[in-house]
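Asker: Mind looking over this structure? Questions follow.
The values are calculated or read from the model by the stated rules, or taken from the named source; none is laboratory data. The model shown is predicted, which means the values in this text are computed figures rather than measured ones. Virtual Cβ from ideal backbone geometry, glycine too; neighbours counted across all protein chains shown. Note: accessible area is taken over every heavy atom of the protein model, side chains too, but ligands, DNA and RNA are not part of it. Shrake-Rupley method; radii C 1.70, N 1.55, O 1.52, S 1.80 Å.
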Amino acid sequence: MAGTDRSKESRTGGPAVVLVQPQLGENIGMVARAMMNCGLGELRLVAPRDGWPNPAAEAPASGARAVLKAARVYETLCEALADCHFSYATTARPRGIIKEVFTPKGTAADLRRRIGEGQKTALVFGAERTGLEAEDVALCDVIVNVPLNPAFSSLNLAQAVLILGYEWYQSGDETPEAYLQTGESPPADKGEVSAFFERLEDELDSVNFFWPDHKRPSMVRNLRSLFNRLEPTQQDIRTLHGVVSALIMARKKRGPRK
Ligand code: SAH
């Protein structure tokens, strides 16, 4: 399926996620999980408080241990960003530094454009307690703020990563906003729906359902419209044929109504 291919593609092509002085191993594990959910694979850790590797990260990473395994450790943010062309400092509080501020959606669009041009990009996240220092923000090109309740806008680290990752993934995902899940059975085409409807119409005619005569056209139209808006699967149409057949059989057995 195309969706699966896209996730593989973005796994190698997305931004790096840089955590500056993360404190809890558990949070690093949850970040790895959120990253893998969103097709991101490149985790960079700047001076993690409890050292690295950290066994506390393993269980919360769930199936995303590959992301932890591939994580690289740096002493400073400057070193972690050395091979990047463009970096985004995520912060709950823009701190009065003069820089352009992006929303997560705007960030995703900007990432797509830059990555498309071959730039190496990084999303930078701060420590749980203190967030990014002004010096860290100064090393980045732009700021990303998730607009939330101004009185309570600070996200948990992994949730912040998930929101950015989610927008990144969505910006490359073509899943329609709503679609009919038809399981194994493909949707019936209009020809199959019409063939069923014509059979139903014949059978209803044979029991004088369309009565009085002058109402026949509108009754037929309404019924036809009903079946056409059902978006039936081929299996649904077979079931409906089965229902009609069963009614015919029952009538034959019973004999004509008096
Ligand atoms: N106590 C810190 C917040 C730390 S939350 C402070 O007040 O700054 C951990 C990290 O998650 C932040 O450094 C930032 O990278 C990210 N984050 C949390 N909330 C965010 C928001 N609303 N917008 C953007 N990033 C956010």
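Asker: Restricting the stretch 106-160 to residues that are of a type in the set (Lys, Arg) and loosely packed, with under 14 Cβ neighbours inside 10 Å, which is nearest to the ligand (Cβ to nearest atom)?
Answerer: ARG129
Asker: Is it true that LEU223 is within 16 Å of the ligand (Cβ to nearest atom) and either at pLDDT below 90 or under 30 Å from GLY13 (Cβ atoms) (or both)?
Answerer: no
Asker: Turning to a different aspect of this structure: Scan the stretch 219-239 residue by residue and report those that are open to solvent by 50 Å² or more (accessible area, probe 1.4 Å) and touching a residue at least 40 places away in the same chain (Cβ under 8 Å).
Answerer: Those that are open to solvent by 50 Å² or more (accessible area, probe 1.4 Å) and touching a residue at least 40 places away in the same chain (Cβ under 8 Å): GLU231, GLN234, GLN235, ASP236.
Asker: Here is a follow-up. Regarding ILE237, is this residue at negative phi and within 43 Å of the chain's Cα centre (by Cα)?
Answerer: Judged against the criteria, ILE237 is a match.
Asker: Residues in the stretch 9-38 that are closer than 17 Å to ASP173 by Cβ and assigned to a loop (DSSP other than H, G, I, E, B): how many?
Answerer: Qualifying residue count for the region: 3.
Asker: What is the one condition in (1) within 12 Å of the ligand (Cβ to nearest atom); (2) part of a helix (DSSP H, G or I); (3) free of Cβ contacts under 8 Å to residues at least 60 places away in the same chain; (4) open to solvent by 70 Å² or more (accessible area, probe 1.4 Å) that ILE163 does not satisfy?
Answerer: All conditions pass for ILE163, except number (4).
Asker: One residue is enough: does the stretch 95-108 have a residue meeting the conditions within 21 Å of PRO22 (Cα to Cα), among the hydroxyl-bearing types (Ser, Thr, Tyr) and modelled with pLDDT of 95 or more?
Answerer: Among the residues of the stretch 95-108, not one is within 21 Å of PRO22 (Cα to Cα), among the hydroxyl-bearing types (Ser, Thr, Tyr) and modelled with pLDDT of 95 or more, which makes the answer no.
Asker: Looking only at residues in the stretch 49-94 that are in contact with a helix residue (DSSP H, G or I) (Cβ under 8 Å, 6 or more places away or on another chain) and aromatic (Phe, Trp, Tyr), which one is farthest from ARG33 (Cα to Cα)?
Answerer: Applying the filter and picking the extreme gives PHE86.
Asker: Condition test on PHE210, is it in contact with an Asp or Glu (Cβ under 9 Å, 6 or more places away or on another chain) and aromatic (Phe, Trp, Tyr)?
Answerer: Yes.
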